[in-house]
């Protein structure tokens, strides 16, 4: 028994000497996540290029059909002109035949056909003269028959063209429908690609930030490199005091702590923790908003910090930029819906506009209220060491 307890104690000591990494993330895992989004972006671009090629090919087919329809219409016009011309020729030949018979049979009340035939001096001449009359009549009849055949052939071709036009018209409709589908597909890919590009910016910023802190692929973030940097939340201003608390007030839920001081317009605002800028925009009231995503590699927890009402942004800020707690992001102000100059600071245990529970603004509002009401989330005070109570000042970050 003593031997067993001694062995158990040795195992316990060995385990205690092993660095705790249960929740920690390696730099390589972050790099793999970044590469995953890069691969998705490349695949998305390939899909967009393929779709654009299909759209181009479909447009070419539609233009080809339009040209075929135009050529067929021109052929129909030509056929109708030929039919009109043939009818005129038939009419002319018919008149010539009538005139021939009229001339041969009746002339000044005399039957000159017989006069012409019997005026022959020899039998040979008689036969010749009678043959001439028959040949002329037969020739005219033959010409009219040929013209009528050509008219029928033209009408048949016109009917065939009409059928071809119907087929081409249906094919054109199918292609135009395909074009709409391809257009919607491209739009979806473009929108999806923008989302993927946003993720690349975010992860690239996180990876670059840890690389600047000396992290290598095999390092465990927060354990063997960047020790404590991810979870070290600091005050956003060097001098200030809280004027309004996080939580329910005046019948509504306040998601932030409001911070001010005696010289607000000259007060620089800093990130509460190292992280990546994920949004820069004006809200519907005109307030200058900036959102930073922070990653605590030890707990593997994402946070978002939101800064509102700033009078101006710091220069060279952009979505995807990695910032540290020493990089100022703007000046305190009262842009938007504000009764006085202050910093409206929100901190959420999620990624605003990214995670499913905070993917939309309404989702985010509901999530923060739920976390506060049912899970004990205390807002910025839970992560940052502020003096207790209102208007109790601090003089360092």
Matching residues, region 310-333, being outside any loop (DSSP other than H, G, I, E, B) and touching a residue at least 60 places away in the same chain (Cβ under 8 Å)
322, 330, 331, 333
How many residues of region 378-388 are more than 12 Å from residue 347 (Cβ to Cβ), out of contact with any strand residue (DSSP E or B) (no Cβ under 7 Å at 6 or more places or on another chain) and touching a residue at least 40 places away in the same chain (Cβ under 8 Å)? The answer is 1
On the basis of being surrounded by fewer than 22 Cβ atoms within 10 Å (Cβ to Cβ), within 23 Å of residue 336 (Cα to Cα) and in contact with a strand residue (DSSP E or B) (Cβ under 9 Å, 6 or more places away or on another chain), does residue 284 make the cut?
no
Could you list, in sequence order, the residues of region 356-371 that are surrounded by fewer than 15 Cβ atoms within 10 Å (Cβ to Cβ) and within 19 Å of residue 257 (Cα to Cα)?
361, 365, 366, 370
Just to be sure, is residue 220 out of contact with any strand residue (DSSP E or B) (no Cβ under 8 Å at 6 or more places or on another chain), outside the structural domain of residue 370 (by TED's automatic domain parsing) and at pLDDT below 80?
no
Region 328-343: number of residues that are modelled with pLDDT of 95 or more and over 34 Å from the mean Cα position of the chain (by Cα)
8
Is it the case that some residue within region 266-284 is closer than 27 Å to residue 373 by Cβ and free of Cβ contacts under 8 Å to residues at least 12 places away in the same chain?
yes
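Residue-wise test of (1) at pLDDT 80 or above; (2) in a helix (DSSP H, G or I); (3) within 30 Å of residue 168 (Cβ to Cβ); (4) in contact with a strand residue (DSSP E or B) (Cβ under 8 Å, 6 or more places away or on another chain).
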| site | (1), (2), (3), (4) |
| --- | --- |
| 40 | yes, yes, no, no |
| 61 | yes, yes, yes, no |
| 71 | yes, yes, yes, no |
| 78 | yes, yes, yes, no |
| 102 | no, yes, no, no |
| 116 | no, yes, no, no |
| 132 | no, yes, no, no |
| 136 | no, yes, no, no |
Quick one: is residue 385 touching a helix residue (DSSP H, G or I) at 6+ places or on another chain (Cβ under 7 Å) and modelled with pLDDT under 95?
no
Given the conditions (1) touching a strand residue (DSSP E or B) at 6+ places or on another chain (Cβ under 6 Å); (2) not in a strand (DSSP E or B), which single one is not true for residue 188?
(1)
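Every residue, every condition in (1) part of a helix (DSSP H, G or I); (2) under 19 Å from residue 290 (Cβ atoms); (3) not assigned by TED's automatic domain parsing to the domain that holds residue 289, yes or no:
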| site | (1), (2), (3) |
| --- | --- |
| 340 | no, no, no |
| 345 | no, yes, no |
| 350 | no, yes, no |
| 353 | no, yes, no |
| 365 | yes, yes, no |
| 368 | yes, yes, no |
| 371 | yes, no, no |
| 376 | no, no, no |
For region 289-340, which residues satisfy the criterion of being within 13 Å of residue 268 (Cα to Cα) and touching a helix residue (DSSP H, G or I) at 6+ places or on another chain (Cβ under 9 Å)?
311, 331, 332, 333
Which residues, taken from region 344-377, are over 30 Å from the mean Cα position of the chain (by Cα) and in contact (Cβ under 8 Å) with a residue 60 or more places away in the chain?
344, 345, 346, 347, 368, 369, 372
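Just to be sure, is residue 299 closer than 24 Å to residue 392 by Cα, outside any strand (DSSP E or B) and more than 29 Å from the chain's Cα centre (by Cα)?
No.
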Residue list for region 304-315, restricted to those being more than 17 Å from residue 198 (Cα to Cα) and buried (at least 23 other Cβ atoms within 10 Å of the Cβ):
305, 307, 308, 309, 310
Quick one: which of 239, 207 is surrounded by fewer than 16 Cβ atoms within 10 Å (Cβ to Cβ) and at pLDDT 80 or above?
239
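The values are calculated or read from the model by the stated rules, or taken from the named source; none is laboratory data. Bear in mind that the values here come from a model prediction, so they are computed numbers and not experimental data. Heads up, the Cβs are rebuilt from the backbone with ideal geometry, glycines too, and the neighbour counts pull from every protein chain shown.
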